[in-house]
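For reference, the structure is listed below as structure tokens.
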Amino acid sequence: MHDEARAAPQRLNPTPWRDLRVRAMAGAVLALGAFLLLVAGQRPFALLVLAIALLMSWEWGRMVRHNTWDVPFAVHAGAMATAVLLAVTGLPALSLAVLGIGALVVLALEFGRRSTMSAHGVFYVGLPAVALLWLRGDGPLGFWAVLMVVGCVVATDTAAFFAGRQFGGPKLWPAVSPNKTWAGLIGGVSASALVATLFSLAVTGASWERLLALGVGLALVSQAGDLAESGLKRLFKVKDTSSLIPGHGGFMDRMDGLVAAATAAALLSLLINAKAPARALLLGS
């Protein structure tokens, strides 16, 4: 009897698709809300950016300091609100200065207690927030620039998820993220390239070759951001930064790719034409 019990087959692991419905529903609600606010203009979009930035600031303190409602969080949140306000009023340079001041204050408050990581969170959350608002504020092209960056990140994440689950194969970097595969990376990059290329049909004067290359670059940067956040979670021994989004974890878990992609897109635009960042990103001039 005991031998039979030992020989009994192990219970199969739950299907990898079991959480797909919850993930899809939560993702669809977030995507629809974000799109409507993006269409509405820079200021309504700024409300969304600020809300997500504050939630990510809360998650950062929860992960790094194992504390949520403390003085460093108040400083972090205040820096986010001020930076967003300045970015919306056309003062992105002052936004960056505020982020620097906020990081220094958090560094002083947390001196000797993972102070560097606490301060780093101000930039991690603030830079992409300012970047997205800076791009969105560049006239009609601002809408298309932000939509393309977000679309490429979403396409990368979605295609990587399905390709990785469907094809499996060699792991990308198992020591950091055991679920990511090379198949997922290839699928994600391909999807992002396709999405970016399609924007050449909507943006007058845009080169499909340029946007294809941009889509590939954004996908790679997005995946790098995803891996970096996975490394952070391993460092602090947490699975998810929170459980605020059903089926997805926290906002940091969902925005990790966008954090990297938005920052990289803004930096590229800055190098090309700081006075017209969306035009610089989409048209290269």
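The values are calculated or read from the model by the stated rules, or taken from the named source; none is laboratory data. Every value quoted in this text rests on a predicted model; they were computed, and no experiment measured them. Using ideal geometry, Cβ is built from the backbone for each residue, glycine included, and neighbour counts are taken over all protein chains shown.
Do we find that residue 50 is within 20 Å of residue 132 (Cα to Cα), outside the structural domain of residue 245 (by TED's automatic domain parsing) and assigned to a helix (DSSP H, G or I) in this structure? So residue 50 passes the test. The residues in segment 172-196 that are closer than 24 Å to residue 232 by Cβ and surrounded by fewer than 17 Cβ atoms within 10 Å (Cβ to Cβ) can be counted, and the count is 6. Among the residues examined, residue 237 does not qualify as surrounded by fewer than 23 Cβ atoms within 10 Å (Cβ to Cβ), of a type in the set (Lys, Arg) and touching a helix residue (DSSP H, G or I) at 6+ places or on another chain (Cβ under 8 Å). The set of residues from segment 76-98 being free of Cβ contacts under 8 Å to residues at least 40 places away in the same chain and either over 18 Å from residue 135 (Cβ atoms) or not assigned by TED's automatic domain parsing to the domain that holds residue 115 (or both) comprises 77, 78, 81, 82, 97, 98. Residue 164 satisfies every condition listed in (1) more than 15 Å from the chain's Cα centre (by Cα); (2) at pLDDT 90 or above; (3) small (Gly, Ala, Ser) except (2).
Determine, yes or no, whether residue 253 is touching an Asp or Glu at 6+ places or on another chain (Cβ under 6 Å) and under 21 Å from residue 147 (Cβ atoms). It is false that residue 253 is touching an Asp or Glu at 6+ places or on another chain (Cβ under 6 Å) and under 21 Å from residue 147 (Cβ atoms). On the given criteria, is residue 169 in contact (Cβ under 8 Å) with a residue 24 or more places away in the chain and small (Gly, Ala, Ser)? Judged against the criteria, residue 169 is not a match.
On the stretch given as segment 152-163, residues that are closer than 14 Å to residue 257 by Cβ and free of Cβ contacts under 8 Å to residues at least 40 places away in the same chain total 3. For the structure I just gave you, tell me whether residue 240 is in a loop (DSSP other than H, G, I, E, B) and touching a Gly at 6+ places or on another chain (Cβ under 6 Å). So residue 240 fits the description; yes.
Filtering segment 148-201 to residues that are in contact with a helix residue (DSSP H, G or I) (Cβ under 8 Å, 6 or more places away or on another chain) and in a strand (DSSP E or B) leaves 171, 172, 173, 177, 179, 180, 181.
Against the definition (over 20 Å from the mean Cα position of the chain (by Cα) and more than 18 Å from residue 143 (Cβ to Cβ)), how does residue 230 come out, yes or no? No, not satisfied. Among the residues of segment 194-240, those identified as of a type in the set (Lys, Arg) and touching a residue at least 60 places away in the same chain (Cβ under 8 Å) are 210, 233.
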